[in-house]
1. Kindly provide log₁₀ I(q)/I(0) values, in the same order as q = 0.16 Å⁻¹, from the Debye equation applied to equal alpha-carbon scatterers of the stretch 8-246.
2. Which FRET efficiency, nearest 0.05, do residue 187 and residue 228 yield, Cβ-Cβ r, R0 30 Å?
3. What is the fewest-to-most order of 137, 40 by other Cβ atoms lying within 10 Å of their Cβ?
4. Between the stretch 145-166 and the stretch 202-234, what's the alpha-carbon centroid distance in Å?
5. Pull out the extension gain between residue 42 and residue 138, defined as 0.36 nm times the separation in residues minus the alpha carbon to alpha carbon distance; nm, one decimal.
6. Which angle from 0 to 90°, rounded to the nearest 10, does the C-alpha axis of helix 40-51 make with the longest principal axis of the chain?
7. Would you mind calculating the relative contact order of the chain from Cα pairs under 8 angstrom and at least 6 residues apart, reporting the percent as a whole number?
8. Work out how much length residue 49 to residue 23 would gain on full extension: take 0.36 nm times their residue separation and subtract the Cα-Cα distance, in nm to one decimal.
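Any read-out appearing in this document is the output of simple, stated calculations on the displayed coordinates, not a laboratory observation. The structure displayed is predicted, hence computed values, not measured ones. Note that we place each Cβ from the backbone using ideal geometry, even for glycine, and neighbour counts take in every protein chain shown.
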């Protein structure tokens, strides 16, 4: 991003591996969707229509290719359907050939570098995917992550991210944090990096009657506006959308 007033539209979405959930009971009645691909391509078509409206999209719980996704890399499928020229995927967890999960980036801007890291935690399977855009003083980073369910693991992960991003002046960190933006474990990010909490609390889970704010976009060095929740096909999480503008 160069010094320009043009806003970049960004989206963060936990896509639940393309599954569709409309009520808590469906975690049981539709449990087959966690191991079979039925219906997921239609959900990806719906997600493609959503993501096509954005410049950069960060995905969580994107299947890198297993039985439940029909052995398709869902990030790649969405990039093709929504016509994103640049995309990358970080596979974090695999259960044999039955299921997989990870983070993915879809972008209309060309990254100058892609990195990924495994996050610490009591259980393996969490990571952060980082794209750098531009070079030199004009460079900035966008990171996609999905933190653990347990508080102790999230504390470790937030400390790891604070170490990683402590020197970043221009950064966007988005994802499913599995906690409120003002949770105690999140405070280390605000103390030790330039990241700021979202401009407002938006409930994103469960998508059919949201009460918990688990999905966030944090920024450093940018002005952010149009922060809102949007329906992400049939996922059990609402997606978070925002526009960012360079402060320089």
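1. -1.14
2. 0.75
3. 137, 40
4. If you average the Cα positions of each part, the centres end up 19 Å apart.
5. Difference between extended and current length: 30.6 nm.
6. Compared with the principal axis, the helix lies near 20 degrees.
7. 22 percent
8. On the way: separation 26, 0.36 × 26 = 9.36 nm, distance 2.33 nm.
Going from the current span to full extension adds 7.0 nm.
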